[in-house]
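Read through the structure below, which is laid out as structure tokens, and then see the notes.
The values are calculated or read from the model by the stated rules, or taken from the named source; none is laboratory data. These figures come from a predicted structure and were not determined experimentally. Every residue, glycine among them, receives a Cβ derived from its backbone with ideal geometry; neighbour counts consider all protein chains shown. Each accessible area value is taken on the protein alone, full model and side chains, heavy atoms only, with ligands, DNA and RNA left out. Shrake-Rupley method; radii C 1.70, N 1.55, O 1.52, S 1.80 Å.
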Amino acid sequence: MVEYVCDSCQNQICIDRCSRRAVVIPSKYIGRPQSEQEPDLLTGNEQSILKVGESVYQPPQHGWTHDLIERYVNAYDKRHLNGDAWDVYLGSHWCGSSEI
Ligand SMILES: [Zn+2]
């Protein structure tokens, strides 16, 4: 995941010359297969319930995709920066954590 940050920005307002730079943020979602040999977590779980911490998300009509799950996880991550640990589950499969 790439985010754009500016060292001069505070509370969304730029107090000096704005200079946004791209920062690669490691994803808390690790459900993507890392190799061709590895089985895809999504296979058979496209219609499973996604749990991110305390939040529960119903599958979309056409099923989950890795990109979609990652967006939910990243959104949750942004709202929960208080240091409490949380995990990601697709059905019964663990596929991410705040600790990553
Ligand atoms: Zn700025």
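Quick one: in the stretch 37-57, of everything that is of a type in the set (S, T, N, Q) and open to solvent by 90 Å² or more (accessible area, probe 1.4 Å), which residue is modelled with the lowest pLDDT?
First, pick out the residues of the stretch 37-57 that are of a type in the set (S, T, N, Q): 37, 43, 45, 47-48, 55.
Filter again for open to solvent by 90 Å² or more (accessible area, probe 1.4 Å), leaving 37, 43, 47.
Working: Q37: 90, T43: 94, Q47: 97.
Taking the candidates together, the pick is Q37.
Restricting attention to the stretch 13-23, does a residue exist that is away from the ligand (no atom under 16 Å from the Cβ) and within 16 Å of the chain's Cα centre (by Cα)? Show your work before the answer.
The first filter runs over the stretch 13-23 and keeps only residues away from the ligand (no atom under 16 Å from the Cβ), leaving none.
No, because not a single residue in the stretch 13-23 is away from the ligand (no atom under 16 Å from the Cβ) and within 16 Å of the chain's Cα centre (by Cα).
Which members of the stretch 62-82 meet the condition of being open to solvent by 70 Å² or more (accessible area, probe 1.4 Å) and more than 18 Å from S48 (Cα to Cα)?
K78, R79, L81, N82, listed by residue number.
Can you tell me how many residues in the stretch 21-36 are at pLDDT 85 or above, farther than 19 Å from W94 by Cα and in contact with a helix residue (DSSP H, G or I) (Cβ under 9 Å, 6 or more places away or on another chain)?
0
Is it true that some residue in the stretch 80-92 is without any contact (Cβ under 8 Å) to a residue 24 or more places away in the chain and in contact with a Lys or Arg (Cβ under 9 Å, 6 or more places away or on another chain)?
So far as the stretch 80-92 goes, no, none of its residues is without any contact (Cβ under 8 Å) to a residue 24 or more places away in the chain and in contact with a Lys or Arg (Cβ under 9 Å, 6 or more places away or on another chain).
Say whether the condition of being touching a Lys or Arg at 6+ places or on another chain (Cβ under 9 Å) and within 30 Å of C6 (Cβ to Cβ) is met by at least one residue in the stretch 57-68. So that I can check it myself, show each step before the final result.
Narrowing the stretch 57-68 to residues touching a Lys or Arg at 6+ places or on another chain (Cβ under 9 Å): 57, 66.
From what's left, within 30 Å of C6 (Cβ to Cβ): 66.
Scanning the stretch 57-68, I find at least one residue that is touching a Lys or Arg at 6+ places or on another chain (Cβ under 9 Å) and within 30 Å of C6 (Cβ to Cβ), so the answer is yes.
Looking at K51, K28, can you tell me which residue is among the basic types (K, R) and in contact (Cβ under 8 Å) with a residue 40 or more places away in the chain? Please lay out each step first, then the result.
Values: K51 fails: in contact (Cβ under 8 Å) with a residue 40 or more places away in the chain.
So the residue among K51, K28 that is among the basic types (K, R) and in contact (Cβ under 8 Å) with a residue 40 or more places away in the chain is K28.
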